[in-house]
Amino acid sequence: MSKRVSVRKTYKLYVGGKFPRSESGRTYLVTASDGSLLANAARASRKDVRDAVAAARKAQPGWAGATAYLRGQITYRVAEMVEGRRGQFIEELRNSGATIKAAEAEVDATVDRLVWYAGWADKLPQVLGGANPVAGPFFNHSTPEPVGVAAMVAPQNDALLGLVSVIAPAIVTGNTVVVLASQDRPLPAVALAEALATSDVPGGVVNILTGQVAELTPWFASHADVNAVDLCGVADADLARDAETAAAETLTRVLRPANPDWNADPGLDRLRRFVEIKTVWHPAGV
Amino acid sequence: MSLFEYAPAPESRAIVDIKPSYGLFIDGEFVDPSDGSAFKSVNPANEEILAEVSSAGQADVDAAMTAARRAYDKVWGPMPGAERAKYLFRIARLIAERSRELAVLESLDNGKPIKESRDVDLPLVSSYFFYYAGWADKLAHAGFGPAPRPLGVAAQVIPWNFPLLMLAWKIAPALACGNTVVLKPAETTPLTALAFAEICQQAELPPGVVNIITGAGETGQTLVSHPGAAKVAFTGSTQVGRQIAKAVAGTDKKLTLELGGKAANIVFADAALDQAVEGIVNGIFFNQGHVCCAGSRLLVQESVAEEVLEKLKRRMETLRLGDPLDKNTDIGAINSAEQLARIKDLTAAGSAEGAQAWSPACDIPESGFWFAPTVFTGVSQAHRIAREEIFGPVLSVLTFRTPDEAIAKANNTPYGLSAGVWTEKGSRILWAATELKAGVVWANTFNKFDATSPFGGLKESGYGREGGRHGLEAYLDV
């Protein structure tokens, strides 16, 4: 009796709610810790970055315009999808070299992180905004608004928890994102894309690219239609400095490289970084 | 022009004692620059030389940074917030006590009408210190975690349009959070910052907590790129802001930028037009239009455009241009010859590109730097006067038909600092305020500021907020 041949998966990009290959036709080899072939992941190009930013821009007003309640519900729905595919995520993390225990813990933490951020969507405006007691007869009110489109280089380690920890705070606040997955461990990100695609997150809100940090970071930073650049996973100091310099040309908001403990309580830091405070004045009186 | 002429009502300048020359304020003392030179600060209203001011060089910046670092490590950083607060309260009170003197000095050095320096700038300056004094011992409650920490030494560079107010916006929150500062005022308006240094002495603020170094762009560049600065704060042009953002790239320095703007002031047909006209005038002619958030693009609904323009021109004819120290003066002097040249260049471009300029009949003084209030009609979105920040008393008028068109035109700019909306319909105000890409939206009012209210821009107008609880973030390690 012949052994069943498994159906192998083609790992693709996630742009505008679809799963295209890189327009460049390029792939790169992703290997397990023992050196065996895991996949040929798509190697995104500059054009893929542009397509992803265009998709994110297109989706941004609708996503920002959705009620905070809905954004919270949809983010929670992502948590449900990840939980439902728990086995798949554990498998992807194990392939990336994690022990089964560590992989399980990371998936659990990821689900919990999504739930945590989901709850912030309709609370943050009250916590970060509010009435300002100005010295005069005015109604004066501040509210957080999304920065817009964020281009992010995901953490290189904690390929799932780190990725979700940078995406979630940006999207619950109404931003749309283009995120470059961990270069050496991109497969959990592709699995996340599959969860996102089935979780009511509108196409274009999260766009996930796989490819090379050194190649794509400069295009993230210099793209004039990107409102914030998150250099979280850029380990090369020169690359990060050059990206920050390029972003300065259009005064794009930059989050510098960071390597926090992704298991720790993230606090409001990342939520605050992806909002702008708008203050509205109106005279009060009869 | 008017039926009854105003009698001159000049404020006396005798209250101000300007020294012939000033040193740098470093470590609590005025010192001579060690490697710098000197320059002169002139009264833009008559080109009189007011004083000679030092230009700080590299060694002077080093000395100021060293003093600030020592004060941070030894005195100000370890000091309990409640004690820091008392110093800030002292400063707030001293400013209030000396506000008449400071207002006159501000008008002399800057050219702004005494009416504005006295009634707007100085009360606000005092209030910012008063407001942030109260935060110094309450930082754990500000929403940045239980124990937010200061950053260290803040390098701060401020512009010439609101010399003392911008100083207050920078220094008050920095000190409240436990940082020490080295501040450089603009080279054309250093005198009130130097008077503030005296106030620090009167308040017995520990030496080195506040250092004031004067100089031009080169001094500012040396300051913001100094390795000892943990924080850089800048208010000024977008071009310089861009250079500073590049200079701090790849460092650990925290950066906030308050840059230019090209604000739209939108008048809907259902607005209270007389109030709107007052708001338009205040929006663009306040402080000679030397305001980054000035309402320099008037977007008026087509059906009322003629009526609004007629009312606006009639109102502009009553504006009085002249001696900044005269209490009847509405429009003072342009701050410098350089700025006047820029305004002239841009308005010439406006005419060359086909827009029509109009100014009320107005006597321009013979000496000093002056520009009559000007309104351009027939402006298209592509014109330079609709795209570039003029930073002068020049208004560009565009029209629109539908609310969506108004928003699209208003947002058609790389800037995003402020916007104005005039309509009697509440739901339209709330809608427009949401749609406008700007950090501050004034509805049925314009150019209002308050210590408790965050101010700052989106896009190329910079990053960060000044004022209110949000303004603390710039000076905390969060």
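Tabulated data
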read-out: Residue list for the range A:74-100, filter: surrounded by fewer than 19 Cβ atoms within 10 Å (Cβ to Cβ), touching a residue at least 60 places away in the same chain (Cβ under 8 Å) and of a type in the set (S, T, N, Q); value: A:GLN88
read-out: Unmet criterion (only one of (1) open to solvent by 20 Å² or more (accessible area, probe 1.4 Å); (2) modelled with pLDDT of 95 or more) for A:ALA103; value: (1)
read-out: Contacts under 6 angstrom Cβ, first residue in the range A:25-41 being in a strand (DSSP E or B), partner modelled with pLDDT under 90, 6 or more apart; value: A:LEU38/A:ALA32; A:LEU38/A:ASN95
read-out: Filter pass, B:PRO150 being surrounded by fewer than 24 Cβ atoms within 10 Å (Cβ to Cβ) and either away from every other protein chain (no Cβ under 14 Å) or in contact with a Phe, Trp or Tyr (Cβ under 6 Å, 6 or more places away or on another chain) (or both); value: yes
read-out: Residue in the range B:79-101 that is in contact with a strand residue (DSSP E or B) (Cβ under 8 Å, 6 or more places away or on another chain) and open to solvent by 50 Å² or more (accessible area, probe 1.4 Å) present; value: no
read-out: Those strands (runs of 3 or more DSSP E) lying entirely in the range B:1-109 with at least 3 residues out of contact with any helix residue (DSSP H, G or I) (no Cβ under 9 Å at 6 or more places or on another chain) and in the same structural domain as B:SER359 (by the TED database); value: none
read-out: Strands (runs of 3 or more DSSP E) within the range B:394-478 that include 2 or more residues of a type in the set (Val, Ile, Thr) and either open to solvent by 30 Å² or more (accessible area, probe 1.4 Å) or within 11 Å of chain A (Cβ to nearest Cβ) (or both); value: B:440-443
read-out: Those residues of the range B:17-32 which are open to solvent by 30 Å² or more (accessible area, probe 1.4 Å) and hydrophobic (A, V, I, L, M, F, W, C), in sequence order; value: B:ILE18, B:PHE30, B:VAL31
read-out: Near pairs, Cβ below 7 angstrom, 6+ apart or cross-chain, from the range B:194-207 (closer than 17 Å to B:PHE130 by Cα) to any residue that is assigned to a helix (DSSP H, G or I) and basic (Lys, Arg); value: B:ALA203/B:ARG90
read-out: Scan of the range A:132-142 for residues that are in contact with a Ser or Thr (Cβ under 8 Å, 6 or more places away or on another chain), open to solvent by 20 Å² or more (accessible area, probe 1.4 Å) and not in a loop (DSSP other than H, G, I, E, B), ordered by number; value: A:PHE138, A:HIS141
read-out: Some residue of the range A:231-250 being touching a Lys or Arg at 6+ places or on another chain (Cβ under 6 Å), without any contact (Cβ under 8 Å) to a residue 60 or more places away in the chain, among the hydroxyl-bearing types (Ser, Thr, Tyr) and facing chain B (nearest Cβ under 10 Å); value: yes
read-out: Any hit, the range B:378-390, residues being surrounded by fewer than 24 Cβ atoms within 10 Å (Cβ to Cβ), within 14 Å of chain A (Cβ to nearest Cβ) and more than 17 Å from the chain's Cα centre (by Cα); value: no
read-out: Qualifying residues in the range B:217-246 (those that are open to solvent by 50 Å² or more (accessible area, probe 1.4 Å) and over 18 Å from the mean Cα position of the chain (by Cα)) - the one farthest from the other protein chains (Cβ to nearest Cβ); value: B:GLU218
read-out: Test result for A:VAL286, open to solvent by 40 Å² or more (accessible area, probe 1.4 Å), among the hydrophobic types (A, V, I, L, M, F, W, C) and more than 7 Å from every other protein chain (Cβ to nearest Cβ); value: yes
read-out: Test result for A:ASP269, without any contact (Cβ under 8 Å) to a residue 60 or more places away in the chain, more than 13 Å from chain B (Cβ to nearest Cβ) and either out of contact with any Pro (no Cβ under 9 Å at 6 or more places or on another chain) or within 23 Å of B:GLY467 (Cα to Cα) (or both); value: no
read-out: Any hit, the range B:353-366, residues being closer than 23 Å to B:ASN447 by Cβ, open to solvent by less than 20 Å² (accessible area, probe 1.4 Å), aliphatic (A, V, I, L, M) and in contact with a helix residue (DSSP H, G or I) (Cβ under 8 Å, 6 or more places away or on another chain); value: no
read-out: Residues (closer than 19 Å to B:THR188 by Cα and open to solvent by 40 Å² or more (accessible area, probe 1.4 Å)) located in the range B:33-67; value: B:SER37, B:ALA38, B:PHE39, B:LYS40, B:VAL42, B:ASN46, B:GLU47, B:GLU48, B:ILE49, B:GLU52
read-out: Any hit, the range A:187-198, residues being closer than 19 Å to A:VAL275 by Cα and touching a Ser or Thr at 6+ places or on another chain (Cβ under 7 Å); value: no
read-out: Test result for B:VAL300, open to solvent by less than 10 Å² (accessible area, probe 1.4 Å) and of a type outside the set (Ser, Thr, Tyr); value: yes
read-out: Any hit, the range A:105-124, residues being in contact (Cβ under 8 Å) with a residue 12 or more places away in the chain, within 14 Å of another protein chain (Cβ to nearest Cβ), touching a Leu at 6+ places or on another chain (Cβ under 9 Å) and part of a helix (DSSP H, G or I); value: yes
read-out: Any hit, the range B:71-89, residues being touching a Cys at 6+ places or on another chain (Cβ under 8 Å) and not aromatic (Phe, Trp, Tyr); value: no
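Here is a yes/no grid of residues against (1) away from chain A (no Cβ under 14 Å); (2) among the aromatic types (Phe, Trp, Tyr); (3) closer than 20 Å to B:PRO80 by Cβ:
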| residue | (1), (2), (3) |
| --- | --- |
| B:GLU101 | yes, no, no |
| B:ARG118 | yes, no, no |
| B:GLY134 | no, no, yes |
| B:ASN161 | yes, no, no |
| B:ALA172 | yes, no, yes |
| B:ALA193 | yes, no, no |
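For every residue, the table says whether it meets (1) more than 30 Å from B:ILE15 (Cα to Cα); (2) touching a strand residue (DSSP E or B) at 6+ places or on another chain (Cβ under 9 Å); (3) modelled with pLDDT under 95; (4) not assigned by the TED database to the domain that holds B:PHE286.
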residue	(1), (2), (3), (4)
B:GLN339	no, no, no, no
B:SER351	yes, yes, no, no
B:TRP358	yes, yes, no, no
B:ALA372	no, yes, no, no
B:THR377	yes, yes, no, no
B:ARG384	yes, no, no, no
B:GLY426	yes, yes, no, no
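The values are calculated or read from the model by the stated rules, or taken from the named source; none is laboratory data. Owing to the predicted nature of the structure, the values given are computational and were not obtained by experimental measurement. With ideal geometry, Cβ positions are generated from the backbone for all residues, glycine too; neighbour counts draw on all protein chains shown. The protein model used for the area step is the full one, side chains on, heavy atoms only, and it has no ligands, DNA or RNA in it. Shrake-Rupley method; radii C 1.70, N 1.55, O 1.52, S 1.80 Å.
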